[in-house]
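Worksheet for the structure shown next.
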Amino acid sequence: MKAVIIIVLCGVLGSAYAQTKTTQALDEKYDGLSLFFYRNTLRMLNQKDDPAFDELIKDIEKMRFMMINKEESSFTDNDYKKLLEGYKGEAYEEIMSGRADGRTFTVYLRETNGNVKGTVILAKDATSLMVLDILGKISLTKVPEFFNAIDNSTDIGGKIKSFMSDKDEKAEKEKKEVRDNQ
């Protein structure tokens, strides 16, 4: 009986940390916005009770959202290539890449016995890198829609806009200080 309880506990704890080491390393190396969501918190984001959003998140157990300002963090194209190699090294396969809404998307999946266990979605544009590290899956055709839902969520969208405006305000303040010192 004790052995069964220990096995169950190990399984539960293991699944809590089942997201990628590559994303963890990215978060430790670069300063940015990092948010965690579980199925219940994702449901709370659906403030309009949109059935399409509920359908979109139904297979997500846990999600980590990261956003890095590429210029401020000195995140380069070479760093991006290393990031992609990190996911491949963790047995993630690139399933698709494309462009939508001015962003380049790359989607990686990790499967076990034909079942999707993890999904990593990278979205980058000229100024930022966004990473969704998902324990579970979402429909690949809905990736741009999912990012739009996150952008337009009052809570997450507000945090993203605040994160970006804080960076803009800091840059503006530094420019002003340089001008004042001249």
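List of remarks:
- Label-point gap, in nm, between residue 145 and residue 59 - each point 7 angstrom along Cα→Cβ: 1.4 nm
- A simple count of charges around residue 74, restricted to other residues whose Cβ falls under 13 Å of its Cβ and scoring Lys, Arg +1 and Asp, Glu -1, yields -3.
- Segment 40-145: proportion of alpha-carbon pairs further apart than 17 angstrom, %: 56 percent
- The peptide list 35-48, 123-136, put in order of mean Cβ contacts within 10 Å with the highest first, becomes 123-136, 35-48.
- Out-of-range pairs (alpha-carbon distance over 30 Å; input 29/137; 58/124; 21/142; 21/48): 21/48
- Stretch gain in nm, segment residue 48-residue 36, where the contour uses 0.36 nm per residue and the Cα spacing is subtracted: 2.2 nm
None of the figures in this text is laboratory data; all of them are computed from the coordinates on show. Everything numeric in this text was worked out from a predicted model, so none of it was measured. Methodologically, a virtual Cβ is constructed for each residue, glycine included, from the backbone with ideal geometry; neighbour enumeration extends over all protein chains shown.
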